[in-house]
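Worksheet: the structure to be examined is printed underneath.
The values are calculated or read from the model by the stated rules, or taken from the named source; none is laboratory data. Note that the structure is a prediction, hence the values are computed from the model and not measured. Positions of Cβ are backbone-derived with ideal geometry, glycine not excepted, and every protein chain shown enters the neighbour counts. Accessible surface is based on the protein model in full, side chains and every heavy atom, while ligands, DNA and RNA are left aside. Shrake-Rupley method; radii C 1.70, N 1.55, O 1.52, S 1.80 Å.
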Amino acid sequence: MLTAVVYALTSGCSWRHLPETFGVSPATAHRRFIVWTRAGLWRRLHRAVLDELGARGELDWTSAIVDAASVRAKRGAR
């Protein structure tokens, strides 16, 4: 299940086009993704990887990537 979800997220594949070779239906994989997201799994997994790499001295903080979006402010009262 995890491999199917990670594949969909990293490949850009839509859920409905998830290859059958994963042995899970696209709807099930998507539902599991939603449950894991609501449970905070991705945040905890990211933190665990950072902690492990930090403990090994394998983190390089000399560069970083920031992802952001800009939207035009609406006119009028807040």
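Accessible surface ranking for 32, 44, 75, 1.4 angstrom probe, highest first: 75, 44, 32.
So what is the relative contact order for the chain, in percent, with contacts set as C-alpha pairs under 8 Å and at least six apart?
RCO, the chain: 19 percent.
Extending 7 Å from Cα along the Cβ direction at residue 51 and again at residue 69 yields two label points whose distance is 3.1 nm. In the context of the full protein assembly, residue 71 retains an accessible surface of approximately 130 Å², using a probe radius of 1.4 Å and ignoring ligands and nucleic acids.
Which of the following values of Kirkwood radius over Cα pairs in Å was calculated from the structure shown: (1) 12.7; (2) 12.3; (3) 15.8? Given (1) 12.7; (2) 12.3; (3) 15.8, the structure-derived one carries the label (3). Of the DSSP H helices in the chain, those that are both long (alpha-carbon extent of 15 Å or more along the helix axis) and hydrophobic (Kyte-Doolittle mean at least -0.5) are 26-38, 41-56.
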